[in-house]
Structure formats: C-alpha cells, structure tokens
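The values are calculated or read from the model by the stated rules, or taken from the named source; none is laboratory data. What you see is a predicted model; the values in this text were computed from it and never measured. Methodologically, a virtual Cβ is constructed for each residue, glycine included, from the backbone with ideal geometry; neighbour enumeration extends over all protein chains shown.
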Amino acid sequence: MAGTLGTLIVVGGPTAVGKTEVAVQLARHFGTEVVSADARQFYHALRIGAALPNPEEMAGVKHHFIGQLDLHESMSAGAYERAALPVVLDLLDRCGTAVLVGGSGLYIDALLHGLDPLPTSDPELRNALLDRLKNEGLAALATN
C-alpha cells in the first residue's frame with residue numbers, strides 16, 4: 001500500500017519465524033509503529049500457539065491490536081479492516097510509514113484490498129442453529 005500518504009511495509013509469515021523482531025527493527029528505523037494482523041494475538045489470554053510478543057520483544061515500539069480482546073469477544077476480518085484502516089492511515093499521515101505484521105493472511109488481505117460487502121451475521125439465527133445442533137445433531141442441519 002503505497003500512495004500519497006506514505007508506505008505500508010507488510011511483514012507476513014507463519015508463527016515463530018521472527019516477524020515481530022523484523023517489524024520492530026523496521027518501525028525503529030522508520031520512526032513508526034507496528035500494526036498487528038495476527039488473529040490470535042488480539043486475545044490477551046491466548047498464550048499457547050499465538051506467540052504473543054512480550055514488552056521486551058516489542059522493544060518500546062508501540063504495537064496496535066495486541067492483546068486487547070477477551071476470549072468471549074470476537075474479531076472478524078471485516079471488523080479488523082474497519083478498525084485497522086484508520087490506524088494505518090493515521091500512521092502513514094504522521095510518520096510516512098507503517099509496519100503491518102502478522103500471519104493471518106485473510107486479515108492482511110482485508111486491510112490491503114478490502115472485502116466484498118456481506119450482510120452482518122444474525123446472532124439469534126446463530127444461537128438457534130447451535131441449539132438445533134446440540135439437540136438434534138449435525139444430520140438435522142445437513143439435511144435441511
């Protein structure tokens with residue numbers, strides 16, 4: 001994402017390959033902040049398999065979207081796009097560069113390219129379907 005506002009550097013890849021270290025080095029070099037695009041790192045209670053960076057690994061560089069959600073809260077790619085885009089645009093405006101880092105390709109793609117408009121989910125329908133699954137089993141949902 002390069003344009004009149006600045007440059008967005010994307011550091012993507014699988015868990016535990018050193019993305020955070022690279023992102024911190026880039027952010028320090030360019031005098032900017034890091035925007036996380038890792039779906040598991042949104043949750044402060046997810047420690048196993050999420051490689052949630054600790055303060056030492058963040059090395060004093062501000063990170064956005066790290067550990068701000070409880071496990072009962074949800075984050076979708078669309079919600080991430082809506083929340084992260086203003087942060088990225090602000091960083092590009094203020095710093096000229098922003099660093100996006102993470103392993104959740106759908107979230108990165110949503111931020112870079114947007115998502116097709118979809119209807120919002122219906123929590124009542126979801127709960128009704130979950131109740132039906134619990135009471136009648138998967139076959140009841142698969143046959144209708």
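Considering 122, 90, 131, the condition of being closer than 28 Å to residue 28 by Cβ and out of contact with any Ser or Thr (no Cβ under 8 Å at 6 or more places or on another chain) is satisfied by 90 alone.
When restricted to residues that are farther than 13 Å from residue 58 by Cβ and assigned to a loop (DSSP other than H, G, I, E, B), the stretch 11-37 contains 9.
In the stretch 66-95, the qualifying residues are those that are within 20 Å of residue 12 (Cα to Cα) and assigned to a loop (DSSP other than H, G, I, E, B), and the one that is farthest from the chain's Cα centre (by Cα) is 67. Is at least one residue of the stretch 99-116 of a type outside the set (A, V, I, L, M, F, W, C) and farther than 30 Å from residue 20 by Cβ? Scanning the stretch 99-116 turns up at least one residue that is of a type outside the set (A, V, I, L, M, F, W, C) and farther than 30 Å from residue 20 by Cβ. Residues in the stretch 109-144 that are of a type in the set (Gly, Ala, Ser) and within 30 Å of residue 98 (Cβ to Cβ) were compared, and the one that is surrounded by the most Cβ atoms within 10 Å (Cβ to Cβ) is 110. Just one of the numbered conditions (1) modelled with pLDDT under 90; (2) closer than 17 Å to residue 102 by Cα; (3) of a type outside the set (Ser, Thr, Tyr) is not true of residue 71: (2). Among the residues making up the stretch 32-57, those that are at pLDDT 75 or above and over 14 Å from the mean Cα position of the chain (by Cα) are 32, 33, 56, 57.
Residue selection: residue 61 fails the criterion of being under 20 Å from residue 5 (Cα atoms), aliphatic (A, V, I, L, M), at pLDDT 90 or above and surrounded by 10 or more Cβ atoms within 10 Å (Cβ to Cβ).
For the stretch 5-18, check the following and say yes or no: at least one residue is at pLDDT below 95, within 14 Å of the chain's Cα centre (by Cα) and surrounded by 18 or more Cβ atoms within 10 Å (Cβ to Cβ). So far as the stretch 5-18 goes, no, none of its residues is at pLDDT below 95, within 14 Å of the chain's Cα centre (by Cα) and surrounded by 18 or more Cβ atoms within 10 Å (Cβ to Cβ).
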